[in-house]
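The next block holds one structure in the form of structure tokens; read it before the comments.
The values are calculated or read from the model by the stated rules, or taken from the named source; none is laboratory data. Worth saying up front: this structure is predicted, and the values here are computed from it rather than measured. Note that each Cβ is placed from the backbone with ideal geometry, even for glycine, and that neighbours are counted across all protein chains shown.
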Amino acid sequence: MDITNHLLTWYDTQKRTFIFRDTGDVYRVWISEIMLQQTGTGAVIPYFERFLARFPDVETLAGADESEVLKLWEGLGYYSRARNLHKAAGIIVKEGFPRSAHAWLKIPGVGRYTANAIASIAFDEPVPAMDGNLQRVIARLYHITANADTPDTVKQLYTLGEKLMPATRAGDMNQALMDLGATVCLPGTPDCQRCPLTSFCLSFEEDDADALPRRDKKKPPKEAGLHVALVFSRDRVLMTKRHEALLKNMYVFLLSDSGFPALREQLAARGAQHVSELKKARHVFTHRVWNMTIHHFVAAEEFSVPHGTWVTMEEMLSLPIPTAMRAAKGCAANILQNS
Ligand code: SF4
């Protein structure tokens, strides 16, 4: 028996059970694969259930408001995934679901990994879904010691992955490799004693699997200081809709990176007075960190700011607000409750 058959036999008894697995439904496969980009399976499950309950098919998703899609995504992060999903639903309703990995690449938010995962799981196309798990397992099986982040090694890993794909059950094979990587061939020290592939594994033989795959050192995220102004006027608080790429179309409180004196001056010119500093908060994105100081301001009258809107407590809770604003939102809710 070869690696593929060995692993498929292991998968038949050891596979992880998820609500989004074995559905045979391309819509569900697509939604789950987008949610699983950058997010672990445990966190995805409740979001997947809520999303499918509200948008059971692609037509319902295409017909919804983008802000409702973002609201259901709230807390899951990487919100461009939700915006792309909504945009893609409109395209799919007109043109139908793509049926090959190549065609899936034309869909917004779908890269090579996701295209291959959907095409193999939903249509049994023999293409490797090369996520971090597959890269690690394959680099170790074949003892690939070159830097796995270089284009040549990426290509080499894809070629090896393609050779592992069976003519049928390609989706199962990808998921078997993912499961092996997530439960046995772990990052750092692999649990080779439980692995069904030891007799094929060159790194096991060399006894250096824990050093593979080799990768570039990640740059630490850039730290940024930010002031968050909670500006209240009677029973409303000022929020703005983001137009920047980071958190685009999500709602945040007034943000300033020009220092506190400038913020206080700018708001005083609009009739808003500083009441107090409320708390500090920190949010880590992939490439940057926001170190935030949250302030309480009170304005005699509502005023306008670009993309701004004044909302009541109820309205605030219905808007899509990113996790980065969790502490500020908690402060705003306390103040609105007592207003
Ligand atoms: S034998 Fe060890 S290193 Fe090789 S694939 Fe299995 S768990 Fe990974």
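Show the residue pairs that are 6+ apart or on different chains and have beta-carbon atoms under 7 Å apart, the first residue being within the range 193-215 and free of Cβ contacts under 8 Å to residues at least 12 places away in the same chain, the second being surrounded by 13 or more Cβ atoms within 10 Å (Cβ to Cβ).
ARG194/VAL184; THR198/CYS192; THR198/PHE204
With the requirement that a residue be of a type in the set (Asp, Glu) and more than 24 Å from the chain's Cα centre (by Cα), what does the range 202-239 give you?
Going residue by residue through the range 202-239, those that are of a type in the set (Asp, Glu) are 205-208, 210, 216, 223, 235.
Correct list: GLU205, GLU206, ASP207, ASP208, ASP210, ASP235.
Conditions first: (1) more than 9 Å from the ligand (Cβ to nearest atom); (2) part of a helix (DSSP H, G or I); (3) over 28 Å from THR286 (Cα atoms); (4) free of Cβ contacts under 8 Å to residues at least 60 places away in the same chain. THR168 passes all but one, so which condition is the exception?
If we test THR168 against (1) more than 9 Å from the ligand (Cβ to nearest atom); (2) part of a helix (DSSP H, G or I); (3) over 28 Å from THR286 (Cα atoms); (4) free of Cβ contacts under 8 Å to residues at least 60 places away in the same chain, just (2) comes out false.
When you check LEU160 against the structure, is it more than 9 Å from the ligand (Cβ to nearest atom) and either in a helix (DSSP H, G or I) or at negative phi (or both), yes or no? Don't jump to the end; show me each part of the working.
Numbers: more than 9 Å from the ligand (Cβ to nearest atom): yes; either in a helix (DSSP H, G or I) or at negative phi (or both): yes.
For LEU160, the condition - more than 9 Å from the ligand (Cβ to nearest atom) and either in a helix (DSSP H, G or I) or at negative phi (or both) - is met.
Scan the range 130-143 and report the pairs whose first residue is in a helix (DSSP H, G or I) and whose second residue is among the hydroxyl-bearing types (Ser, Thr, Tyr) and within 9 Å of the ligand (Cβ to nearest atom), with Cβ atoms within less than 7 Å and a gap of 6+ or a chain change.
Matching pairs, first to second residue: ARG140/SER203.
Can you say whether ASP207 is farther than 30 Å from LEU254 by Cα and either away from the ligand (no atom under 12 Å from the Cβ) or among the small types (Gly, Ala, Ser) (or both), as far as the supplied structure shows? So that I can check it myself, show each step before the final result.
Values: farther than 30 Å from LEU254 by Cα: yes; either away from the ligand (no atom under 12 Å from the Cβ) or among the small types (Gly, Ala, Ser) (or both): no.
No.
When you scan the range 217-234, do you find a residue that is on the phi < 0 side of the Ramachandran plot and within 12 Å of the ligand (Cβ to nearest atom), even just one? Can you show your working first?
Start the filter on the range 217-234 by keeping residues that are on the phi < 0 side of the Ramachandran plot, which leaves 217-233.
Going one step further and asking which of them are within 12 Å of the ligand (Cβ to nearest atom), we end up with none.
No, there is no match, as no residue in the range 217-234 is on the phi < 0 side of the Ramachandran plot and within 12 Å of the ligand (Cβ to nearest atom).
Run down ILE138, ILE118 and say which single residue is among the aliphatic types (A, V, I, L, M) and either farther than 18 Å from TYR27 by Cβ or within 16 Å of the ligand (Cβ to nearest atom) (or both). Give the derivation first.
Details: ILE118 fails: either farther than 18 Å from TYR27 by Cβ or within 16 Å of the ligand (Cβ to nearest atom) (or both).
Step by step, each of ILE138, ILE118 is checked, and only ILE138 is among the aliphatic types (A, V, I, L, M) and either farther than 18 Å from TYR27 by Cβ or within 16 Å of the ligand (Cβ to nearest atom) (or both).
Out of the residues in the range 125-135 that are surrounded by fewer than 24 Cβ atoms within 10 Å (Cβ to Cβ) and closer than 18 Å to ASP216 by Cβ, state the one that is nearest to the ligand (Cβ to nearest atom).
GLY132
Looking at THR153, is it surrounded by 18 or more Cβ atoms within 10 Å (Cβ to Cβ) and either more than 21 Å from ALA101 (Cα to Cα) or within 13 Å of the ligand (Cβ to nearest atom) (or both)? Reasoning before the result, please.
Numbers: surrounded by 18 or more Cβ atoms within 10 Å (Cβ to Cβ): yes; either more than 21 Å from ALA101 (Cα to Cα) or within 13 Å of the ligand (Cβ to nearest atom) (or both): yes.
Yes; evaluated as a whole, the condition is true for this residue.
Tell me, which strands (runs of 3 or more DSSP E) lie completely within the range 237-332 with 3 or more residues that are exposed (fewer than 13 other Cβ atoms within 10 Å of the Cβ) and not assigned by TED's automatic domain parsing to the domain that holds GLU66? Don't jump to the end; show me each part of the working.
Working: elements: 251-256, 272-284, 288-299, 308-311.
Once the strands (runs of 3 or more DSSP E) in the range 237-332 are filtered for at least 3 residues that are exposed (fewer than 13 other Cβ atoms within 10 Å of the Cβ) and not assigned by TED's automatic domain parsing to the domain that holds GLU66, what remains is 272-284.
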